[in-house]
Structure formats: C-alpha cells, structure tokens
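To keep things clear, I will list the structure first and then write my remarks on it.
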Amino acid sequence: MTTSADLRIASKRAYYDNDKPYGDSETITLYIYNAGPDTASAPTVTAGYTHSMDYNNVSTSLQKAQEQVGKQPSKDLASLTWTNLTSPSTHYEGWNMVTTLPDISPGTILQLGLTFPMTREESYDDDTTTASVTSNTSDPRQSNNSTTYIITPNHHNDGSSYWNTPGDVGNLDFNGLTNVQTVSQCDLRIASSRARYNNNLPFGEAETLSLLIFNAGPTIAMSPVLTAGYTTSMDETLMTAFGEQVWIPDGLNPSTFFSGSDTTADIKWQSIVGGLGFPRVDGWNAVVNLPDLPPSILYRIHIKFPMNHTTTYKDYTATASITSQAKELDSSNNSTTYVITPNHNNDGDAYWNAPGNISQLDGPTTPAGSQACSTGWLLDTPMIVQISGDDNPSQIPLKQLEGQISTTKAISYAPQGLNFQAKAVTGVEYDTSAQGMILSFCSDGVNTQSYTAHPDTLVYLDPFSVTVGQDTHRVAYWIPVRMLWVGAGLRGRSPTGGMTVAYVTDIKADTSGDQLQSAEPGIVSMSHSYVVGTLDQGGILTHNPKDDQRCGNPNVPAIIAAVVAVANNIVATTTPPPGIPDPPHGYSLRYRRPDDPNTPSQSGPPVLPLDVPRRDEDENWLIYLYEEDTPAAVENARVGVYEMGLPPVLTYDPSGAPTRRRDSTGQYQSQRELLQLTTQELSGATGTTGQLDRDEYPPAIASQGGSGALVSYIEAGDNRRAGALMGQQFNNYRANPQPDGHAPLQPGDGFRYAVIHENMFGVEYIGDGMDEDQLEEPPTT
C-alpha cells in the first residue's frame, strides 16, 4: 500500500504589515501539520510576499510543538510548547519564498517564521497572498494544503487587535463529510384534498385547488415542482398559491390523520418554511415551485383561481403531478386526478367536500435495490479472539471461526467500561455479493492494513464534532463502510490492547468483478461488535447488523415485519437457567419452545413479544429497541446516559414534542447542508448511497428533551426504524385496556429504554446495564 500523509497549512495571522519604517521587519508565521498516517517526506512550503519586503535578506525560524495535537489542532495552538529546530533554507521564486523543511512525522505540527526587512520601496494596495505545502508523500486530501493571508500597507496605526486577528487556523482541522458520495432518492405521493372543484362560481369569486403532497423518503426531495391542471372559467392571470405543512409521526400512512375532506384529527398545520414560488402557467397547467420536502413531511398546497367571464358547460378531469431532482423510487403514485365541473352548483356541501383519493398517500416505499444487502468481511479477514486456555489474545481468519466456536470468544467493545472484553460467539453467517469496498486504515501510525468489506458493513465511527459554518455538530456512531471518507477516525484496538483511533487512509470500490464470499459472526455483547485487524497492529470495531433486508432506502413496514418475526420467537420468564444470577428487574428472555403456550392474539401487527413486561419494577413504561435493527440509536442513548449524564428515566409529554424537536434537531443542518452535496450527487449520478439523520436523546416526546438533548448524525434507516418501533409502542401503551389491566400511558408517566438482542435472554435497561453473558441458544426445530 502506498504511504500517504495528510499535510495542512494555516497562517497564524490574517494580516501582515508592509508599511513599517525602513530597517524594521515583518514576520509571516505559518503552521504546518501532518495528520498522517505516514511521515511526510521532504516537505516544501511556498509562501507569497509583496512590495516593500526585502526577499534577498529573509531570515527563517522553525519550531516544533512538543505535544501531539488532536484531530482539531486549531483548538490546541494556545496551549502548545514549542522547541526550536535548525533554521531551514529558503530562496525566492518570483513573488514566492520557497522553504525546504525536514521530514514531518504523523501528528506533528511545525511553526515556520519568514522575517522580511522593509525596503525603501512604498506600497499602496492590499495584496491577498497564498502559502501552500507539498511533499514527496502522497496526500489523500489536498483541499487544506494552501492558505491565504493579506499583506497591507493601509492599517499601520489600527492597533494590536487588528494585526493579531487570527488567520485561517481552522484549515488545520478536517471537519467535513464532503467526500461522502450520496444519492438522493425519494418516494413522492400526491392526492387531491377534494374530489371535485366548482368552476361555475360568480365572476369575482374564487375556487381553490387543494393538493396534498407527501415524501415517504428516504431522503429529501430537492426542488419539488407541482403541476396542477385547471380549465375554462378559471383566471390563470390572477391565480395565487400558498401552502401549509405538517409532520407525520413515523412517516407512515398520512390518510389515517384525516377525518374529512380537508380537516385533520390529530395534527395541526403550520406555514411552509421558505414559502412557495410564484405560480406560472404551462398550457392548461399551473406550475408551482415548492421548498425542499424532507421525509415524513406532508405539504398541503392551495392554488386559488378567481372566476373570469368565460362560461363553461362540461365536466373536466384534471391531473396534478409532483416531481423533484431526487430519483423517484415509485412513480405510480406521483400523479392524481380530480374533476372540475360547472354542473353541480346546487348539490350542497356534501358533494363539494367529498375527499379525493387521499389513501394514495399511504403504503410502504418500494425498495430501491433488487438484491439483498450483504454485510461482513471476506473469509480471510483476521478477527482478534480469545482462545480457551490462552490468556493472550490471538487472531484467526473468519473462515476458521465456525469450527472453533465452542473454544473461542471474540474480542468486543464494552461501552460502559470503555474497554475490550471477550464475548461468546453464537454462530457465523455466510453470504456472497458482487459489491465490495476496499478499506485501508492505520491504527499505530506506521502500518496500513487493507481489507475488503461489503458496503453495508457497519464500523464504529469515533465520535467527533463537525463544524459547518457557525454551527457545531456531533457525528456518531455505527455507519456503513460505504459512507466513510479518507481521514475518518474509527474506534478500535491499539497494538498494546487498549483503546485507540484508527484513521482511514484509503477507501475504494472493489472492481474485481468476482463474487465475494463473506462471514459475519454473531457476538453476545451490548455493542454486538468484534475487532477486525492484525494483532500486532491493532484493528477496528465492526458490527454484525441484521441481514435479509433489501438494499437501498429503509422500508420501514418491511423492517417492522422482520422485527416481529424475532419478537414472536421470544418469551419472557422469571426463572433464569441454572447458574445464572437473578436477572435485573426480575425477568429474563429466552427463545420460544415447542411446548410453550401459544401467544395470545392481538389486533394489529405485534411489535414486541406479549410476554415482556410493559413496565419496570418502579412502574416506568418500557420502550424496547432491538440491537440488530437500531444499533446507532441505541448507542446514542447509551452515550447520552453513561457519558453525558442524561437521565435514563424520562417523562412522557407528547404535547411539547414539536417544540422540543425544533429546539434540539432544529439547531442542526439537514443532510444536504451537512454533507455539502453537489448537483451531481443530488442527481444520483454518483451511484452510491448513504444518508444521515439527526437522532436525539432524550427524544422530543420526553419532557427532558429539547435544547439539552444529545443530537448525533446516524445512518438514516437506523433512525427511522427506531422511530417507527417506538411510535408503535407508544400508540399501544395509550390503548385501553392494557393486557395486564394497567391504566393506559398518560402524560407525566415515566418511561425508559430497554434493549433486546435476539441472542440474549437478558434485557439491557439503559442506565442499569445487564449481564451480557446470559445466553440461550435458539431451538433447532
């Protein structure tokens, strides 16, 4: 693997003075940082200067920071201790000074000073100049290899505050996700609020077309355009358009919220953020440009037509349609029809208020891919394990694990202790795929490791903050390999066995064209993770997510059905197996056996086993999540409770949810803004996927949510699966009666998260922890 070094440069000050008296000097000070993973060989700095600066008599100074800086060096500059190095050689080339530096090791930051005596020449204009750094080592990201500063003769007397203005020191950091290639996909649906509209009103009165537009996801519909047909008697020269929006909980089946033609039972319309474009005419159609439409948002667009003097006699069937820049996943429901008629003036409100085909807004999103997602690493990928009878960790290829399950435990990450533990392996699943990603990473600053993984394999992104404009965001945790970028930090195991961060040095598609065979172990662990890597060089954490879903957008109804299949195979018991201590809160889970009584039937699709308690011993309602389906949402809650001190027991308060959601996630950019998507990426031309959603803990439905919530960007399907599952449970708990006779869920009641793993018969209560070694194998028949 070719070595690489991510070099970055920044000017210490934004302004330098070239209007000093003859004989005085001005010093341009530059920071040069190597983010690694390898040493930068023979680095060269080119720095611009301008008039009045004596390039023949420049003196140089070079210092090295004694400390290793972090992922955002700009925050460490004020506290660094500098050591003097030998002054480097410098010469001029045109209007640039060229300085040769010694090799720069990974994690090292240098400070270069170029001191120019003033000449007798006078200067009058400000000059924006550039400094850049290169080396003989390949640089994986060159966007921060140059910086600018201003040399000016016009502010000599402006004081120290002006001359000490910091330069672009943020150029030393890497905060963006701009290397992520993202495809924009959506499932737009449209329906008319009313089945019929009247174009035989008196001159001067108006009729208003009312169209409902819903985005079922999975990503934002960029620049949507509404086209709505009209006919004779409707004055298109005076038409106007306005609209409203509402969030649909769980993003499912908007029509269930309607109790009439144009009213809602449980939701309140709000003005559309950003407003509408001015309507225009295209033939016999009104065309309205709409704001970007996020998933799970329903727009109601009104187009108002005053009547003109034209008389009409015939019914007219008009068509409305919706399009956007995003790739349309299902075109069968992005148009609708309605009747415009002059023949029923006296038929009454019941006739005119008859609803349109609102049910067209409902239904699952069509999966974007035709093949099943495959996750895992290749069969020869080494996994760090603990073999029975040997105290020292070792490693074996994944293809050998199946035959050694009884004597082998995988090295896995324990989030509560922030350390590694040996966990039991429950089985190995195999798959094949024509898709693969070659991921290269370095965990020791010296050696680079490369393995091929399937694009949907989840790796543990080391939590970090992203600055976009003036806003700072937290990005974490489990994300697919396909969403990584060069320079990303992955949590993993160091060569000495402790925690470390392994940095991605390269990622590219596997173009071999061969069928790739993979293996993914099932691990008993709160993080359900294992360490991939070479033992002497450390490794990275990878997750074993649930398989057998379709590639592409998150098909929430289908995923819930898969969760149901797991749930129906689990029963609750208060009797733990021999040798296992009493489970927390007095019960365990185990797999259903043939002699267990049948599960009582219930209305609607079951989401959880009916056997599991709905409340804990303190009468708090339990909101269950499945580790396999929503690992990032679960991890976000764990970090919120264990690392940030947020409360594990929350208070149910649905009335304040919209406000708290705006106060928490509303502070953070949409995926489009965060990822800084290009037009090519928005068009889907890049051919890859990977979306991020804003996940919050505590959730907005809890009174503890809002501005103090931990908000992390996580994989979109993970977030929406968690939201759908939680919504199903809250709806069930509000029902009357409850299976155990308890009163329904009420505002003010306490609730908490409980996490189920299909290979565990214990449940993790967020805030309490669990015994991760409790396990019962599923029945073989």
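The values are calculated or read from the model by the stated rules, or taken from the named source; none is laboratory data. Computed from a predicted structure; not experimentally measured. Positions of Cβ are generated from backbone atoms using ideal geometry, with glycine treated the same way; all protein chains shown enter the neighbour counts.
The table for this structure:
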quantity	calculated
Every residue from region 193-230 that is within 30 Å of Asp693 (Cα to Cα), outside any loop (DSSP other than H, G, I, E, B) and at pLDDT 85 or above	Leu211, Leu212, Ile213, Phe214, Asn215, Val225, Leu226, Thr227
Considering residues of region 497-518 that are of a type in the set (D, E, K, R) and assigned to a strand (DSSP E or B) only, the residue surrounded by the fewest Cβ atoms within 10 Å (Cβ to Cβ)	Lys508
Selected residue (criterion: farthest from Arg196 (Cα to Cα)) from residues of region 312-354 that are under 47 Å from the mean Cα position of the chain (by Cα) and charged (D, E, K, R)	Lys327
Output for region 234-271, where each listed residue is at pLDDT below 80 and either over 34 Å from the mean Cα position of the chain (by Cα) or part of a loop (DSSP other than H, G, I, E, B) (or both)	Ile248, Leu252, Asn253, Ser259, Gly260, Ser261, Asp262, Thr263, Ala265, Asp266, Ile267, Lys268
Selection from region 204-226 of residues that are polar (S, T, N, Q) and more than 32 Å from the chain's Cα centre (by Cα)	Thr208, Ser210
Those residues of region 384-428 which are at pLDDT below 85, crowded, with 16+ Cβ neighbours inside 10 Å and in a strand (DSSP E or B), in sequence order	Ser412, Tyr413, Ala414, Phe420, Gln421, Ala422, Lys423, Ala424, Val425, Thr426, Val428
Every residue from region 283-307 that is surrounded by fewer than 16 Cβ atoms within 10 Å (Cβ to Cβ) and assigned to a loop (DSSP other than H, G, I, E, B)	Gly283, Trp284
Residues (closer than 30 Å to Ala488 by Cα and out of contact with any Gly (no Cβ under 9 Å at 6 or more places or on another chain)) located in region 71-98	Pro73, Lys75, Leu77, Ala78, Ser79, Leu80, Thr81, Trp82, Thr83
Residue selected from region 642-681 under the condition under 18 Å from Asp292 (Cα atoms) and of a type in the set (Gly, Ala, Ser), by the criterion modelled with the highest pLDDT	Gly666
Residue, modelled with the lowest pLDDT, within region 71-81, restricted to residues that are closer than 24 Å to Pro37 by Cβ and not in a helix (DSSP H, G or I)	Lys71
Any hit, region 15-25, residues being small (Gly, Ala, Ser), in contact with a Ser or Thr (Cβ under 7 Å, 6 or more places away or on another chain), over 30 Å from Asp506 (Cβ atoms) and in contact (Cβ under 8 Å) with a residue 12 or more places away in the chain	yes
Condition met for Tyr55 (assigned by TED's automatic domain parsing to the domain that holds Tyr15, surrounded by 14 or more Cβ atoms within 10 Å (Cβ to Cβ), touching a helix residue (DSSP H, G or I) at 6+ places or on another chain (Cβ under 9 Å) and of a type in the set (Phe, Trp, Tyr))	no
Residue tally, condition crowded, with 16+ Cβ neighbours inside 10 Å and in contact with a strand residue (DSSP E or B) (Cβ under 8 Å, 6 or more places away or on another chain), over region 309-321	4
Qualifying residue in region 289-301 (condition: modelled with pLDDT of 95 or more and over 28 Å from Gly727 (Cα atoms))	no
Scope region 291-333; condition farther than 16 Å from Asp187 by Cβ and either touching an Asp or Glu at 6+ places or on another chain (Cβ under 7 Å) or among the aliphatic types (A, V, I, L, M) (or both); matching residues	Arg300, Ile301, Ile303, Phe305, Pro306, Met307, Asn308, Ala318, Ala320
Hits in region 338-354 (condition: surrounded by fewer than 17 Cβ atoms within 10 Å (Cβ to Cβ) and more than 13 Å from Asp315 (Cα to Cα))	Asn346, Asp347, Gly348, Asp349, Ala350, Tyr351, Asn353, Ala354
Condition check for Pro737: modelled with pLDDT of 80 or more, in the same structural domain as Ser588 (by TED's automatic domain parsing) and in a loop (DSSP other than H, G, I, E, B)	no
Elements of type strands (runs of 3 or more DSSP E) contained in region 1-43, each with 2 or more residues being crowded, with 24+ Cβ neighbours inside 10 Å	5-11, 25-37
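Matching residues to (1) in contact with a Pro (Cβ under 8 Å, 6 or more places away or on another chain); (2) closer than 18 Å to His91 by Cβ:
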{"position": "Pro21", "(1), (2)": "no, no"}
{"position": "Tyr31", "(1), (2)": "yes, no"}
{"position": "Ala35", "(1), (2)": "yes, no"}
{"position": "Ala40", "(1), (2)": "no, no"}
{"position": "Thr44", "(1), (2)": "no, yes"}
{"position": "Ala47", "(1), (2)": "no, yes"}
{"position": "Asp54", "(1), (2)": "yes, yes"}
{"position": "Ser59", "(1), (2)": "no, yes"}
